[in-house]
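Please treat every number below as a calculation from the coordinates, not as lab data. Only a predicted model underlies this, so the values are computations on that prediction, with no experimental measurement involved. So basically every Cβ, Gly included, is an ideal-geometry build from the backbone, and we count neighbours across all protein chains shown.
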Amino acid sequence: MNPYIVYNTAGKILRTGSCPASMLEMQAHPGEKVIEGRANDYYQKMVGDKVVDKTPEEIEADNPTPAPIPDEDKPARITNKDLAALMQRVKDLEDR
């Protein structure tokens, strides 16, 4: 099995994998290119037929850092038992 890289004309790595050498050309769809080799699409791109590292700016542009979620908007982890107890307390307050 030979590792391969499929990429487009802009140099974006679309997928990687491995296959027998006889099936290498079958990995690329129309408009794509394939070469034998290994790459990490998060950190690398293709320039010509060479794998090169992306700049930190390119990595950030391709994979933006998610905006922080305020604590009050984060999901809470609560058990069914705790939820039932809380709902009972609410009911008891409403019944007063």
What distance in nm lies between label points placed 7 Å from Cα along the C-beta direction at Lys50 and Glu72?
5.4
How big is the equivalent ellipsoid of the chain along its three axes, where each semi-axis is √(5λ) from the Cα gyration tensor, reported in whole Å from largest to smallest?
52, 18, 10
Between Asn80, Asn40, Pro30, whose Cα lies farthest towards the positive end of the dipole of the chain when Lys and Arg beta carbons carry +1 and Asp and Glu beta carbons carry -1, centred on the Cα centre?
Asn80
Would you mind calculating the gained length between Gln88 and Tyr43 on full extension (0.36 nm times residue separation, minus the Cα-Cα distance), in nm to one decimal?
11.0 nm
Over the chain, what is the mean sequence separation of C-alpha contacts under 8 Å (at least six apart), divided by residue count, expressed as relative contact order in percent?
21
Compute the FRET efficiency between Leu14 and Ala61 as 1/(1 + (r/R0)^6), taking r as their Cβ-Cβ distance and R0 = 22 Å, and round to the nearest 0.05.
0.80
Rounded to the nearest 10 degrees, what's the angle between the helix 80-95 long axis and the longest principal axis of the chain, both from Cα atoms, 0 to 90?
40
Within the chain, count lysine pairs with alpha carbon atoms under 25 angstrom apart where the residues are 8 or more positions apart or belong to different chains.
9
Total charge dipole magnitude, segment 2-95, about the Cα centre, Cβ charges on Lys, Arg, Asp, Glu only, Debye to nearest 20:
380
